[in-house]
Amino acid sequence: MLLLHCPLLLLLLPLGSRPQKLPTRDEELFQMQIRDKAFFHDSSVIPDGAEISSYLFRDTPKRYFFVVEEDNTPLAVTVTPCDAPLEWKLSVQELPEEASGEGSGEPEPLEQQKQQITSEEGTELFSYKGNDVEYFVSSSSPSGLYQLDLLSTEKDTHFKVYATTTPESDQPYPELPYDPRIDVTSLGRTTVTLAWKPSPTASLLKQPIQYCIVINKEHNFKSLCAVEAKLSSDDAFMMAPKPGLDFSPFDFAHFGFPVDNNSGKERGFLKSSKFGRQTPSKPRVDLHKVCIGNKNIFTVSDLKPDTQYYFDMFAVNTNTNMSTAYVGTFARTKEEAKQKTVELKDGKVTDVFIKRKGTKFLRFAPVSSHQKVTFSVHSCLDAVQIQARRDGKLLLSQSVEGVRQFQLRGKAKAKYLIRLKGSKKGASMLKVLATTRPNKQSFPSLPEDTRIKAFDKLRTCSSVTVAWLGTQERNKFCIYKREVDDNYNEEQKKREQNQCLGPDTRKKSEKVLCKYFHSQNIQKAVTTETIRGLQPGKSYLLDVYVIGHGGHSVKYQSKLVKTRKFC
């Protein structure tokens, strides 16, 4: 008798050959047995050519039986551990002569054959301990009663068993290619591209195969069964009947097996409060499974930078729902590009650009002793988030829109780190000034309200009258006009709201006037201006710039006005 212990792929031959009818399997009887769940009420029976799924309690051995009726019969047994290592052993005992089927021509029921076997242990054919998917394969097995003993010493666990006497024609598991490794073809900060060779079951035998990728941060998986057990570790999937209650794997919906509604009600096993035991709930693991059809290249996205991930690939035969694991791999995503810290110089304005939702770091290290540090921030577009730390201690954290000024208490030889977080809407532009001299103010002061008010009743065919707020500080104000189309709308105006663009970017012909203005009484800090020489029925965009002592300007919110068409 020749015994082989090798991967199942040695058994897989082209399906174009006609299946061989072997004496141990009556196909009509086999199909009837699979349809009749009552046949498997005794869960110790392994059907020929069908995978069963079952459950082991820790330190509670379990034994399965199946019969090979004639000598020189091919045999293949596959055991798949799910979420814990298994110890299993396959042995065989001779059948009694009267059970050989030669006397009356009718084989005796398995129960009678089991009872007629002596209590002596049979001949051990194969044993294994571990969590790999392992196979016993023999091209010529003796007749007898075969016993499969399984034990889990680590914890309660799931497992699967498949046994067949027609391995040449069954081929339920997809075959692996000659190189079953997964290749990492591209690596980024948040993406990993994987490629693998197709299963011959799909490329040569034209069987329906789909590939499922599993991604996690802990370890590689040996089987898809192990993945499903991990995914369901805090669900009803882990609920099991109490020891002593015999059950069939065909009867448990909460073990992930298909079941019709009637059988569950008849046996009552779906009432977990009565028959089940609830394992302590566990936090859901960071494990993802995605099935991608028959492609053999895939890019995993939305990963975290500088993080190690484990990748597993499973070829799944969609006809049998049975799978084979490729050799898993792992990869670490690239680090985030290190942020270059911008050095701020005392009293000088620095321009800063930040990508959408990006981050920039600024550093200020005064060379002289100081009592206070003043930071002036001009956000040209949308609001940005600012954090300020002195020697690692957080002093400031808030949102900034327009021009803001912050004074921080100084400290000898202190170093300041400014963190700027961009807007979610789009890119951000800023001007930042840091100084230890309180009187050094490059940015002009602004009122809280930077809108321009237009007086509708004062509109004429050639002029409009507008007003805006000032401050107690004497500043220079310049007003500009630009004719726009009648279909110019608020969305276009919003795109032009870069407050950091100064009068130097405007055409000389657009300038209306410049004047100085302030008021010690903040309630009266209002100025008006009438803009003349306009065309009847035309639309104009008005801009007011306030220019500080250092020459830096800030633009008020633009105002769209229209002259009267008839006067």
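Descriptive notes on the structure:
- Qualifying residues in region 327-343 (those that are in a strand (DSSP E or B) and aliphatic (A, V, I, L, M)) - the one nearest to Tyr178 (Cα to Cα): Val327
- Taking every residue in region 150-162 that is outside any strand (DSSP E or B) and pairing it with any residue that is open to solvent by less than 10 Å² (accessible area, probe 1.4 Å), at least 6 positions away or on another chain, the pairs with Cβ-Cβ distances below 6 Å are Ser152/Leu56; Ser152/Ala84; Ser152/Leu86; Glu154/Ala84; Lys155/Ala84.
- Qualifying residues in region 217-230 (those that are surrounded by fewer than 22 Cβ atoms within 10 Å (Cβ to Cβ) and more than 15 Å from Cys291 (Cα to Cα)) - the one nearest to the chain's Cα centre (by Cα): Lys217
- Test: residue in region 377-385 that is touching a residue at least 24 places away in the same chain (Cβ under 8 Å) and in a loop (DSSP other than H, G, I, E, B): no
- For the residues Thr350, Thr324, Thr374, the requirement of being open to solvent by less than 100 Å² (accessible area, probe 1.4 Å), closer than 30 Å to Val161 by Cβ and either hydroxyl-bearing (Ser, Thr, Tyr) or not in a strand (DSSP E or B) (or both) singles out Thr324.
- Here the strands (runs of 3 or more DSSP E) wholly within region 460-549 that include at least 1 residues being of a type outside the set (A, V, I, L, M) and open to solvent by 30 Å² or more (accessible area, probe 1.4 Å) are 475-484, 511-517, 526-531.
- Cys212 closer than 26 Å to Phe330 by Cα, in contact with a Ser or Thr (Cβ under 9 Å, 6 or more places away or on another chain) and modelled with pLDDT under 90: no
- Residue in region 398-407 that is without any contact (Cβ under 8 Å) to a residue 60 or more places away in the chain and among the hydroxyl-bearing types (Ser, Thr, Tyr) present: yes
The values are calculated or read from the model by the stated rules, or taken from the named source; none is laboratory data. Please read all numbers here as calculations on a predicted model, not as lab measurements. Neighbour counts are summed over all protein chains in view; Cβ atoms, including those assigned to glycine, are modelled from backbone coordinates with ideal geometry. Heavy atoms of the whole protein, side chains included, go into the accessibility calculation; ligands, DNA and RNA do not. Shrake-Rupley method; radii C 1.70, N 1.55, O 1.52, S 1.80 Å.
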